[in-house]
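I have placed the structure first, in the form of structure tokens, so that the comments after it can refer back to it.
The values are calculated or read from the model by the stated rules, or taken from the named source; none is laboratory data. Keep in mind it's a predicted model, so treat the numbers as computed, not measured. Backbone-built Cβ (ideal geometry, glycine too); neighbour counts: all protein chains shown. Only protein heavy atoms, including side chains, enter the accessible area calculation; ligands, DNA and RNA are left aside. Shrake-Rupley method; radii C 1.70, N 1.55, O 1.52, S 1.80 Å.
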Amino acid sequence: MPPVFAHGRLRLYLLKLLDEAPRHGYEVIRLLEERFQGLYAPSAGTVYPRLAKLEAEGLVTYATEGGRKVYSITEAGRAELADRSGELADLELEIRDSVTELAAEIRDDVRGAAGDLRREMRAAASASATRVDDESWQTIKEEMSKARAEWKEQARRAKDESRRAREEAQAARRQAKEAQERAREEVQRIAGQLQEQLAKSGGVLGNLAGAWLGGGAGGGAGAGGTSAASAGAGTAAAADWAEDLVPSGDPARDLDRLLDRFRDEVRDAARDHGVTAARVAEARADLAAAAARLSATLGGRP
């Protein structure tokens with residue numbers, strides 16, 4: 001039988017299951033069996049060592065409840081899952097293909113067993129033709145009919161399971177693509193509004209925004225505002241800022257990552273250019289204006 005998971009794919013799928021909800025090892029095994037329509041169930045010797053390895057790498061953690069370990073994904077685990085979000089749709093297709101192959105193997109085994117049974121019964125009937133009465137021959141025919149019906153039922157179930165797995169994988173891939181598009185649009189919208197507000201706010205943060213957007217320190221802004229050129233540059237460059245942050249499919253998580261990037265760049269600017277009491281006062285006013293703008297933006301849309 002070919003391997004059910006390609007190299008490294010079971011690790012990714014375990015992170016996906018734990019990202020959905022904390023689970024204990026037996027529940028992880030049961031969920032994997034359900035995803036494979038009962039055609040494959042990993043052993044405890046397959047799942048638990050991988051959970052232990054993920055825990056050692058800091059990607060998952062666990063708490064003991066009722067004498068059992070309940071595993072949860074960590075922020076590091078979510079970061080790896082976000083970086084590999086593009087692989088999840090491919091993984092669903094791989095699972096569909098594995099289910100199809102397993103169903104085909106079961107169908108072949110059933111067909112072969114039915115054929116062997118027919119041959120054995122015919123041989124037995126031929127060898128004892130002179131001694132088999134009508135009642136025995138009827139029993140043999142009934143057994144052959146049952147074997148044929150069982151084979152047809154097994155083949156039908158395997159075909160239905162293969163079709164269902166293919167449809168679910170296609171739906172999962174379509175949903176993942178739609179979620180990525182929605183997350184990308186939301187992140188670009190929030191990033192554009194944030195940069196536009198910073199460019200318009202002037203002061204320390206306005207100067208910093210000008211530097212980010214190619215205007216250099218000061219960006220042509222005065223203490224009370226910014227130039228039209230800086231504002232125009234902020235709008236034009238909104239889609240380019242933090243473009244290296246790949247959307248994870250979760251808008252709330254993507255917003256946290258953007259805020260982390262913003263915080264880091266402000267700290268870098270403070271370290272490079274120095275901080276005075278006057279600049280802190282200006283920065284406070286700028287941050288208040290930016291926070292009010294973001295709160296209004298996030299509160300006004302779903």
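Regarding the stretch 26-36, can at least one residue be identified that is open to solvent by 60 Å² or more (accessible area, probe 1.4 Å), touching a helix residue (DSSP H, G or I) at 6+ places or on another chain (Cβ under 8 Å) and modelled with pLDDT under 85?
There is at least one residue in the stretch 26-36 that is open to solvent by 60 Å² or more (accessible area, probe 1.4 Å), touching a helix residue (DSSP H, G or I) at 6+ places or on another chain (Cβ under 8 Å) and modelled with pLDDT under 85.
Looking at the structure I just gave you, is residue 61 touching a strand residue (DSSP E or B) at 6+ places or on another chain (Cβ under 7 Å), among the hydroxyl-bearing types (Ser, Thr, Tyr) and open to solvent by less than 40 Å² (accessible area, probe 1.4 Å)?
On the way: touching a strand residue (DSSP E or B) at 6+ places or on another chain (Cβ under 7 Å): yes; among the hydroxyl-bearing types (Ser, Thr, Tyr): yes; open to solvent by less than 40 Å² (accessible area, probe 1.4 Å): no.
Taking the combined requirement at face value, the residue does not satisfy it.
Yes/no per residue for (1) at pLDDT 80 or above; (2) open to solvent by less than 40 Å² (accessible area, probe 1.4 Å):
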position	(1), (2)
192	no, yes
207	no, no
211	no, no
219	no, yes
230	no, yes
236	no, no
248	yes, yes
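Conditions tested, residue by residue: (1) under 30 Å from residue 175 (Cβ atoms); (2) free of Cβ contacts under 8 Å to residues at least 24 places away in the same chain.
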| residue | (1), (2) |
| --- | --- |
| 44 | no, yes |
| 47 | yes, no |
| 52 | no, yes |
| 60 | yes, no |
| 69 | no, no |
| 74 | yes, yes |
| 80 | yes, no |
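State yes or no: is residue 68 of a type outside the set (Asp, Glu), more than 30 Å from residue 257 (Cβ to Cβ), surrounded by fewer than 17 Cβ atoms within 10 Å (Cβ to Cβ) and touching a helix residue (DSSP H, G or I) at 6+ places or on another chain (Cβ under 8 Å)?
Judged against the criteria, residue 68 is a match.
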